[in-house]
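S.K.: Below is a structure I'd like to ask you about.
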Amino acid sequence: MAQRAIREYDGKALFSKHWEKYFSGFHYGFKSVLVSSGDELKKKAEEHGFEWLKQEPLVAKPDMLFGKRGKNDLVLFKDKKPGDVSLEVAAKWIDDKISHPITLLSGQHGTLTHFIVEPFTPHSEEQEYYISATTVGEDDVLYMSTEGGMEIEDGWESKVTEVVIPINMQDANIDHMVKANAPTDLPADKKEAFVSFAIDFFRFYRDLNFAYLEINPLVMLDNNEMAILDLVARLDDTAGYLMEEEWGDIEYPTAFGMEDQSAEEKAISDADAKSGASLKLTILNPMGRIWTMVAGGGASVVFADTIADLSGNVAELANYGEYSGGPTTGETKFYADTIFDLMTRFKDPKGRGKILIIGGAIANFTDVAKTFTGIIQSLEEYADKLKNVGVKIYVRRGGPNYEKGLKDIKEAADRLGLYMEVYGPETHVTDIVRMSLENGE
Amino acid sequence: MSKLFTKDTQAIFWNNNRSAIQRMLDYDYTIGRVTPSIAAIVAPTSTAKFDKFFWGSEEVMIPLYRSTSEAVSEHKNADVLLNFGSFRTAYDVVMEAIELDGQFKTIMVTAEGIPERRARTMNQAARDKGVTVIGPATVGAIAPGAFKIANIGGTIENIVKSKLNRCGSCGLVTRSGGLFNEMSNIIALNADGIAEGVAIGGDRFVGSVFIDNLLRMESNPDVKYMILLGEVGGVEEYKVIEAVKSGKIKKPIISWCIGTIAKHFKSGVQFGHAGASANADRETAEAKNIAMKEAGFYVPDSFNEIPATIHKVYEDLLSKGVIEPIVEPEVKPIPKNRKARNFICTISDDRGEEATYCGIPISQVATPDTGYSLGDVMSLLWFKRRYPKWAVEFIETVLKTVADHGPAVSGAHNAKVTARAGKDVVSSLIAGLLTIGPRFGGAIDGAAKYFKYGYDNNLSPKEFLSYMKKQGIPIPGIGHRIKSVRNPDLRIVGLKKYVNEFFPSHPILDYALEVEKLTTSKKDNLILNVDGTIGVLMVDMWKELGYDDVEIGTFIEAGALNAFFILGRCIGFIGHILDEKRLNMPMYRHPWDDILYDVEQVEE
C-alpha cells in the first residue's frame, strides 16, 4: 500500500471524467484508446464515437508505466513524414511490437502488451508547456515551465518554476502563490490562461489524491483547447476508500518487466490477498544459493542486507520475502512448500551446498512453536529433495514459546537427517548468515 | 519536554483493545507503578460504563466513554492519547484530540495506511499545536520503568529479558516496530538497556521523525547515547546529521540504515515499509550510512556488526563514568493463573477485621455518638458519598413521609391478605412490595423524569403541558383524589417549608409549582402531589450536590427514586403485617356479593 502508478490512458480518463468540475474554462477532447493488438485497434475504429481512428492521423505508444518512450524509439507518429500514420500503419506497428520481447535503455526487459492510440495533434513548439505536481518532504510542489517535451530534464533548474504549497494552505493563498510565481517568460496572451489552468491542475491533483501528476507536454491550442500529449500519474492508493466514486475501478499495473511474475510468486501473492496475514515473495535469482524464509518486514530486509554484505555477491541471494501477521499453520506450510520447491529444482552450478535461512526477529505475540508447525510439516515433505541439493539450514527466532519452537524444529531435522543449527534471542538476529557462510564452503 | 513519559503519565486509550490494554497494565504492575497508566477508554459503540482488567492478581475497573471529549472532561490529567482507531477513523480521532486545546501532549497512532494527504494534514495540525504524534503505522514507544504503549516490547517475559522494565541509558529510535524488540534485546545484551525508545512508524508520512525524538533525547538526562535505526528512502537522517554538525546534538549516536540491499535492484521490489523506497541517490541506505559515518556517528560495517558497536560505545561511556552501573530492581511477577471476578462490589467490604460501608467500619457509623444517622448510612451505601446534613435530613423526611398511607391502599391490602393466609413476615412483605409499580408509588420516578426534562429543555409550563399531551400520559405527580388548592396536603406543606429553609436552591420544584398553577387553573385538584413533590425535590437535591445530568438520569433510570418509596413503605407494610399477626385474623375470603359475575357458557 503506497503510491502506485496508473496508465497514461487511465490518467487521461480521470481528467476527462472530472474536467467540467475542475477545468470548466478549458476544453479537452479525450480522444484516446487503450489496446493490446492491431486487431483490437481496428475493431475499436468500427465503434460509434471512435470514427476518428479512421479519419485522423494517429500517434501510438506503449502505455506500460515506463517513460522515455521517445528515446526508446517507441512512439509512432510518422510513417513517411510526421503526422501521416494511418489506422492500418498503427495496427501493423503494434502487432510488430508485441511479437517479441524488448529491452529498454534502462535495462528493463519484457514484452509490450498495452498501447495508447490518439490523434496526432499538429502544434508548434511555442504551444508546448510543462506542468506537474508531487509531494516533496511534507509539502506539495507545483512545477511549471514554458518549455515542454522530453528535453525538460536537461537544465531543469533554469527552465522550471517551483511553487511550494504547504499542506494546510488555504485555496485563496494557493491561487495567489501560483499567480505570483508563474514562469516569467509566459507569453502575454497566454499568461492568464496558463495560470488559471495551473491552479485548476493543482486542485485536481490534490482533491483526487494523486501522489504525482505530470503533463509533458501540455499543449495550449486556440480557443482554450488543451491537449494532454503525455501524462504520468501515481495515486495514493491508501485513499482508495475515499475515492471509490472519483477513481472508479482503477487498475494498478506492475512495472514493465516485472509483470512476468512466476507461477510461484503469483500463488503467494494470491494467498496473501486472501489472508489476513502478510505473505510476500519475490524471486531474485532462481539459481541463487541462499534462500530465505524470514518472518517480519523489518527482519526480512536486514537478512537480505546482511546476505548481500557478507557474501559479497548479491547473486547468491535467491529470494526476498516475508511472512508475518499471524499466518495459519496451513498458510505457513504453503509458503514453506513454495520456497522448498523452488530451492530444490536446481543444484548449485559450482557444486556447493545450498543454504536455507529460517529467520526472524523477536516476535511480539506470535506463538513461535505454532508457526514452526507449518514449516516442520513442509520439511517432512521436502526432506529428501532438500538433502539432494545439500541444504544446510540455519534457524534463528525469538518471541513467545520460542524455546519449544526451536526444540521441535531441531528434533524434526534430526529425525529427517537434515543439517540444522538453531539459535534464539541470545544470538544476534542476522548472525546466522555469517555462520552459514563461514560454514558453507 | 525532556522526557516523553514519566511514571505518573496517564493515557486515554481510544478503542477498547482489551489485550493491548491488559499488556499495559501488566507492565505497569510489573514495574511497580502505583496507578494503572490507562485512565480511561474511549469505546464509541459500547454502552458499558467500565471494563475490568487485571492488576496483578486483582482486578481494576477502567471507565469507558463514548467520545474523547467526554473522557477528557473526567480525566483532565491524561495527556497521552493512544489512538487505536482503524485507518478510516484514526484521522478524525487525531483531529478531534488536537482541537481539545492543551489536553494531549502526545498522540500515538497505530493505524497503517491512512491516506497520505490526511496523514500530512493531521501531522501538520499537531505540529502547529506542539503535540507530538508517534506514528501512524507504529507499535508505539516506551519509557522503561515508567510507561509503555500497548504492545511495544512484546510479552512480559521478553520485556524483562530485554531490560525494558527499568530505565537504562540508551535512547532508541527506529522506523520499524518489528526490529524495535530486536534492538532492545541487542542493547540489553551488549549494554544496559534503554532509557527511552520510539518506533516512529513505517508509513511515508509520520508525525514525529528521527530528529524530533533525538532532540528530545538529547535533553533527557537519562539518555547517555542514542541509537538510530533508519531505513532506505527519505531524507530524515540528514536532518540528524545537520543537528550533529551544528552542535545541537552532542551525545554519541550509533546509527544504521537498513535496506542496503535495494541498491542491487533497479525497481519493482519493495523492500520493507511504504516509506522505504529510494527516489534519489542520497535516499539510499548506503549513501545515508556513509554520510552519517562522515558526520562522526558510530556506523558499523554491516547490520551484523551492530552488537559489537553498541558494546564498544557502552563500555567506553562506562569507563569514562558517563554511565553508571545499574542495580537491577525487583520485578513484581504477574500471576500465571488469574481469575476474572463475576461480581463487583464498590460499596462495602467484609474481608477485614470489621465490615465497612464505603471504607468506614460499621462501628463508626452505628451508634448515635458517631454522628451518623440512618440517612447518612443510606447516602453511603446508595450513593457512595456522605451527603451534607440538609440532604440527609431530606432523605429521612422522605422516608417518614412515605412510610404508610393506611390499610386500604393496594400494597398494604395485599400484605394484610397474605398475612391472614398464614404466611410469614417476609412473604407478606413481598406480596405488598410486588404491588409497587407504575400505578402504585411509581409516580415519583415519572415526576422526576418529566419535570426534569421540561426544566432542562427550557419548556414553558404551557409547552410542558402540550409536550405531556403528546406523550399521551397524565403528568406523573400531578393530581390528588381529595386534596386541592383550597384543601392543601399538609405533608406537602411541611416538605416545602423544610426545603425553603434548608435547600440551597430548588429550581425544579419552582418549575413544577409553575406547572401546578396552570393545571390547578383547569381543575382544582390537579395539584403537585406528594409523589411529584418528592420526585422533583430529589432532582433538586442531586443537582445541588453537584451531579451532572447524565448521572441524575442514571439514578432515575436505575430506579433510585422508587427505592426511597420502597424502603419507606416497608416500614408501613411490616406494621400492617405485625398488626395482622397480633390480631390473629382468620383467612380472608372476598365476599361473593362484591363480585360481578358475568360468565358466558362456551358453545360446545
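The values are calculated or read from the model by the stated rules, or taken from the named source; none is laboratory data. Being a predicted model, the structure only gives us computed values, none of them experimental. Every residue, glycine as well, gets a Cβ built from its backbone with ideal geometry; the counts of neighbours run over all protein chains shown. Remember, those area values only see protein heavy atoms, side chains included, never the ligands or the DNA or RNA. Shrake-Rupley method; radii C 1.70, N 1.55, O 1.52, S 1.80 Å.
S.K.: Restricting attention to the stretch B:86-122, report how many residues are away from chain A (no Cβ under 14 Å) and in a loop (DSSP other than H, G, I, E, B).
M.R.: Final tally of qualifying residues: 6.
S.K.: Which members of the stretch B:97-113 meet the condition of being in contact (Cβ under 8 Å) with a residue 24 or more places away in the chain, open to solvent by 70 Å² or more (accessible area, probe 1.4 Å) and within 27 Å of A:TYR241 (Cβ to Cβ)?
M.R.: B:GLU112 - this is the single residue of the stretch B:97-113 that is in contact (Cβ under 8 Å) with a residue 24 or more places away in the chain, open to solvent by 70 Å² or more (accessible area, probe 1.4 Å) and within 27 Å of A:TYR241 (Cβ to Cβ).
S.K.: Would you point out the residue of the stretch A:231-251, among those that are under 19 Å from the mean Cα position of the chain (by Cα) and open to solvent by 40 Å² or more (accessible area, probe 1.4 Å), that is nearest to the other protein chains (Cβ to nearest Cβ)?
M.R.: That would be A:ARG234.
S.K.: Now for a separate question. Go through the stretch B:456-485 and report how many residues are hydroxyl-bearing (Ser, Thr, Tyr), touching a residue at least 12 places away in the same chain (Cβ under 8 Å) and assigned to a loop (DSSP other than H, G, I, E, B).
M.R.: Residues that pass the stated criteria total 1.
S.K.: Residues being closer than 21 Å to B:GLU182 by Cβ, more than 14 Å from every other protein chain (Cβ to nearest Cβ), part of a helix (DSSP H, G or I) and hydroxyl-bearing (Ser, Thr, Tyr): count how many of those fall in the stretch B:294-335.
M.R.: 1
Residue-by-condition table, conditions (1) open to solvent by 10 Å² or more (accessible area, probe 1.4 Å); (2) touching a helix residue (DSSP H, G or I) at 6+ places or on another chain (Cβ under 6 Å):
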position	(1), (2)
B:ARG127	yes, no
B:ASN151	yes, yes
B:SER162	no, yes
B:GLY178	yes, yes
B:ILE186	no, yes
B:ASP203	yes, no
B:SER208	no, no
B:GLY230	no, yes
B:LYS239	yes, yes
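S.K.: While we're here: Tell me whether the stretch B:480-492 contains one or more residues that are open to solvent by less than 60 Å² (accessible area, probe 1.4 Å), of a type in the set (D, E, K, R) and at pLDDT 95 or above.
M.R.: The answer is no, given that none of the residues of the stretch B:480-492 is open to solvent by less than 60 Å² (accessible area, probe 1.4 Å), of a type in the set (D, E, K, R) and at pLDDT 95 or above.
S.K.: Which residues, counting only those in the stretch B:495-512, are open to solvent by 40 Å² or more (accessible area, probe 1.4 Å) and assigned to a helix (DSSP H, G or I)?
M.R.: B:LYS496, B:LYS497, B:ASN500, B:GLU501, B:PHE502, B:ASP510
S.K.: Continuing with the same structure: Just to be sure, is A:ALA180 open to solvent by 50 Å² or more (accessible area, probe 1.4 Å), of a type in the set (Gly, Ala, Ser) and over 30 Å from A:GLY110 (Cα atoms)?
M.R.: For A:ALA180, the condition - open to solvent by 50 Å² or more (accessible area, probe 1.4 Å), of a type in the set (Gly, Ala, Ser) and over 30 Å from A:GLY110 (Cα atoms) - is met.
Let's see how each residue does on (1) modelled with pLDDT of 95 or more; (2) over 29 Å from the mean Cα position of the chain (by Cα):
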| position | (1), (2) |
| --- | --- |
| A:GLU56 | yes, yes |
| A:PRO82 | no, yes |
| A:VAL89 | yes, yes |
| A:LEU105 | no, no |
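S.K.: Of all residues in the stretch B:185-199 being of a type in the set (A, V, I, L, M, F, W, C) and outside any helix (DSSP H, G or I), which is nearest to the other protein chains (Cβ to nearest Cβ)?
M.R.: B:ALA199
S.K.: B:GLU182 is checked against (1) among the acidic types (Asp, Glu); (2) assigned to a helix (DSSP H, G or I); (3) open to solvent by 10 Å² or more (accessible area, probe 1.4 Å) and fails just one. What number does that condition carry?
M.R.: Every listed condition holds for B:GLU182 apart from (3).
S.K.: Kindly indicate which of A:ILE376, A:ILE357, A:ILE393, A:ILE409 is within 23 Å of B:ASN190 (Cβ to Cβ) and in contact with a helix residue (DSSP H, G or I) (Cβ under 7 Å, 6 or more places away or on another chain).
M.R.: After ruling out the rest, the residue left standing is A:ILE357.
S.K.: Before we move on, is A:ILE409 within 14 Å of chain B (Cβ to nearest Cβ), touching a residue at least 12 places away in the same chain (Cβ under 8 Å) and open to solvent by less than 10 Å² (accessible area, probe 1.4 Å)?
M.R.: no
S.K.: Considering only the stretch A:412-441, how many residues are at pLDDT 95 or above, away from every other protein chain (no Cβ under 14 Å) and closer than 20 Å to B:ASN304 by Cβ?
M.R.: Of the residues in that region, 2 qualify.
S.K.: Let me ask something else about it. A:LYS12 is checked against (1) closer than 27 Å to A:GLY240 by Cβ; (2) without any contact (Cβ under 8 Å) to a residue 40 or more places away in the chain and fails just one. What number does that condition carry?
M.R.: A:LYS12 satisfies all of (1) closer than 27 Å to A:GLY240 by Cβ; (2) without any contact (Cβ under 8 Å) to a residue 40 or more places away in the chain except (2).
S.K.: Could you grab me the full set of residues in the stretch A:35-92 that are within 24 Å of A:ALA5 (Cβ to Cβ), in a helix (DSSP H, G or I) and open to solvent by less than 40 Å² (accessible area, probe 1.4 Å)?
M.R.: Answer for the stretch A:35-92, where residues must be within 24 Å of A:ALA5 (Cβ to Cβ), in a helix (DSSP H, G or I) and open to solvent by less than 40 Å² (accessible area, probe 1.4 Å): just A:LEU41.
S.K.: Something else about it: Can you name the strands (runs of 3 or more DSSP E) wholly within the stretch A:113-181 that have at least 1 residues being in contact with a strand residue (DSSP E or B) (Cβ under 9 Å, 6 or more places away or on another chain) and within 27 Å of A:GLY257 (Cβ to Cβ)?
M.R.: Filter on the stretch A:113-181 gives A:115-119, A:128-136.
S.K.: Keeping to the stretch B:63-85, report how many residues are surrounded by 15 or more Cβ atoms within 10 Å (Cβ to Cβ) and not in a helix (DSSP H, G or I).
M.R.: Here the count works out to 12.
S.K.: Here's a follow-up. Of the residues that sit in the stretch A:298-350 and are of a type in the set (Asp, Glu) and within 14 Å of another protein chain (Cβ to nearest Cβ), which one is nearest to A:MET287 (Cα to Cα)?
M.R.: Checked the stretch A:298-350; the qualifying residue nearest to A:MET287 (Cα to Cα) is A:GLU316.
S.K.: Further question on the same structure: Pairs please, first residue from the stretch B:360-389 and within 22 Å of B:PRO504 (Cα to Cα) and open to solvent by 90 Å² or more (accessible area, probe 1.4 Å), second anywhere and β-branched (Val, Ile, Thr) and part of a loop (DSSP other than H, G, I, E, B), Cβ atoms under 7 Å, 6+ apart in sequence or on different chains.
M.R.: B:LYS384/B:THR346; B:LYS384/B:ILE347
S.K.: Which count do you get for residues in the stretch A:282-291 that are touching a strand residue (DSSP E or B) at 6+ places or on another chain (Cβ under 9 Å) and either open to solvent by 10 Å² or more (accessible area, probe 1.4 Å) or facing chain B (nearest Cβ under 7 Å) (or both)?
M.R.: 5
S.K.: How many of the residues making up the stretch A:381-409 are within 16 Å of A:TRP291 (Cα to Cα) and part of a helix (DSSP H, G or I)?
M.R.: 6
S.K.: Is there any pair linking a residue in the stretch B:5-28 that is in contact (Cβ under 8 Å) with a residue 60 or more places away in the chain to one that is part of a strand (DSSP E or B) and basic (Lys, Arg), with Cβ under 6 Å and at least six apart or on different chains, and which?
M.R.: Going by the 6 Å Cβ cut-off, the qualifying pairs are B:TYR27/B:LYS148.
S.K.: Kindly provide the set of residues from the stretch B:50-62 that are touching a residue at least 24 places away in the same chain (Cβ under 8 Å) and open to solvent by 10 Å² or more (accessible area, probe 1.4 Å), ordered by number.
M.R.: B:ASP51, B:LYS52, B:PHE54, B:TRP55, B:SER57, B:GLU59, B:VAL60, B:MET61
Yes/no matrix, rows are residues, columns are (1) without any contact (Cβ under 8 Å) to a residue 40 or more places away in the chain; (2) buried (at least 21 other Cβ atoms within 10 Å of the Cβ); (3) polar (S, T, N, Q):
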position: A:ARG345; (1), (2), (3): no, no, no
position: A:GLY351; (1), (2), (3): yes, no, no
position: A:ILE357; (1), (2), (3): no, yes, no
position: A:ALA361; (1), (2), (3): no, yes, no
position: A:GLU426; (1), (2), (3): yes, no, no
position: A:VAL429; (1), (2), (3): no, yes, no
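S.K.: Another question about this same structure. With the condition kept exactly as written, say whether any residue in the stretch A:379-397 is open to solvent by less than 40 Å² (accessible area, probe 1.4 Å) and at the interface with another protein chain (Cβ under 10 Å from one of its Cβ atoms).
M.R.: Taking every residue of the stretch A:379-397 in turn, none turns out to be open to solvent by less than 40 Å² (accessible area, probe 1.4 Å) and at the interface with another protein chain (Cβ under 10 Å from one of its Cβ atoms).
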